[in-house]
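Below is one structure, written out as structure tokens, with a few remarks after it.
The values are calculated or read from the model by the stated rules, or taken from the named source; none is laboratory data. This one's a predicted model, so the numbers in the text were calculated from it and none came from an experiment. When we count neighbours, we look across all protein chains shown, and the Cβ atoms used for this are built from the backbone with ideal geometry, even at glycine. For accessibility, only protein heavy atoms count, side chains too; no ligands or nucleic acids. Shrake-Rupley method; radii C 1.70, N 1.55, O 1.52, S 1.80 Å.
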Amino acid sequence: MEFDYRKLKGKIKEIFDTQDAFAKALGISNVTISLKLNNKAEFSQKEIDKASDLLKIKKEEIPVYFFTKKVRETEF
């Protein structure tokens, strides 16, 4: 299952300007954040909790940023 991280990427841009700056604040590498945002690795519960604090995401909004399923476009 893949998740849609577009809203999360927008929030990262808004607060940190770059994924690299966000990754450093989160305590992970730029490569690791890239893997996570491209559905090649998963966020841990601790990372989600810390990221939501860093990005000022309310706890009740976490599912919107981290658990929105990616909808596959169908070909016609």
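Just need a number here: residues in the stretch 1-10 that are open to solvent by less than 50 Å² (accessible area, probe 1.4 Å) and either farther than 14 Å from K36 by Cβ or of a type in the set (F, W, Y) (or both).
Of the residues in that region, 3 qualify.
For the stretch 37-58, does any single residue satisfy the condition of being open to solvent by 40 Å² or more (accessible area, probe 1.4 Å), part of a helix (DSSP H, G or I) and of a type in the set (S, T, Y)?
no
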